[in-house]
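J.: First, the structure itself, so that you have it in front of you.
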Amino acid sequence: QDRIYFHDQTSTTNVPRVTCALLASITTGGVSYAFGLYGNALKKNLHLTQSQLETISSATFCAGLFSWIPGMFVDRFGTRMGITMGGITGATSLMLYWGVAHQYIQIANLSLIVLILSALSMVIFLSCALITGAVFKIISCACGSTTRGSAVGVAKGYVGLGSGVYACLFQSLRTSSTSDLDFLPMCAFFFIFLAATPSFLNLPTKEDERKKIPDSLTPLHFRILFGSLLVLALLIIGNSVVELFHDDSGSQGEKKPNYFMAGTILLVWLSPLAAQVFLPKGTSIGFEEIRIQEEEEEQDSLLPSMGSETLDPVINNTPPTSEVGLAQIKSDVSEADSAAQQGTLVAPVSDVQMNLFEMLQTYPAWLMAWTATIL
């Protein structure tokens, strides 16, 4: 009884953690899949050959061989440090990349430039992997079995739509004098202010994140997030169609920023995430259940240390099965047989705890991943 934990029932829920994770998830997709947006400008500025440009592009995904490093980092230092360091290193690498591409950092040897940009591309990819690993660890640890699959699906949706959102936002803000390479500082800005800063201020430390908290997410939370993803997809498609017709018309004029479109994208993207904190919270897994789970785990941890001297008297003094017990067993068997004949499945109801691989196989996760990929 002395080791029961007391939780702050007013502020300790999984909603702030999941919100920070979803907020950081879109920053990874926006950087990883948008090389085509600034690749031609990079080739023109540095006078690269096509093979050199392809080398820089492929180096990004070759970093996938080292994706186990971010996972070990998150396990060692916690999710808060993972997203914070991922955002800082990603933003720093993007700004160095931008400086080299614009030749603000003078490097005479072209082969050395290709090597440096390839190395920076790998660091950027690993920074995204660091954030992604922390995001899905937060979801797998903070969400219950009834909301975990939906949360994974929403996170995958934001990752899939990230490059489209970033591209539309950049096209809306750019002017005629804006270079495609200026896309990189915008990505660095979001790394700092949407991934590193919120996570550092709101996520718990490694010691505190081990404490169990109630799963307060409700269907209303996910309906708003699904709606946000759908509207974002429609905005991306609509903006792409408008740009296509604008290019086909051959109209040449000064490109002016479309602040209305940029504000709409930011509103649809960020306001549903901010609203998660203020929506009514559910009580599907309350503090009393957490206390009971902790007591059961403590009792289970003591069982292996109990010797035979403690268990033998209990076993030896166990009375033989009575006739009443046999009758009850026969009754249960007959009920199971009759249910089987009627085609009714009889199974105990349990709270199934799924790992990350099992979560990714759930219907909401597959649906959101497929939808975001197709869009």
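The values are calculated or read from the model by the stated rules, or taken from the named source; none is laboratory data. The shown structure was predicted, so the numbers you read here are calculated from the model rather than taken from an experiment. No Cβ is skipped: glycine too gets one built from the backbone with ideal geometry, and neighbour counts run over all protein chains shown. In case anyone asks, the SASA skips ligands and DNA or RNA and just uses the protein heavy atoms, side chains included. Shrake-Rupley method; radii C 1.70, N 1.55, O 1.52, S 1.80 Å.
J.: Please find, among Gly144, Gly157, the residue that is closer than 30 Å to Arg17 by Cβ, open to solvent by less than 20 Å² (accessible area, probe 1.4 Å) and assigned to a loop (DSSP other than H, G, I, E, B).
T.: None of the other options fit; the residue is Gly144.
J.: I'd like to verify a number: residues in the range 15-44 that are hydrophobic (A, V, I, L, M, F, W, C) and under 30 Å from Leu279 (Cβ atoms), how many?
T.: Looking only at that region, the number is 9.
J.: Scan Thr89, Thr79 and give me the residue that is over 29 Å from Phe226 (Cα atoms), among the β-branched types (Val, Ile, Thr) and at pLDDT 90 or above.
T.: Thr89
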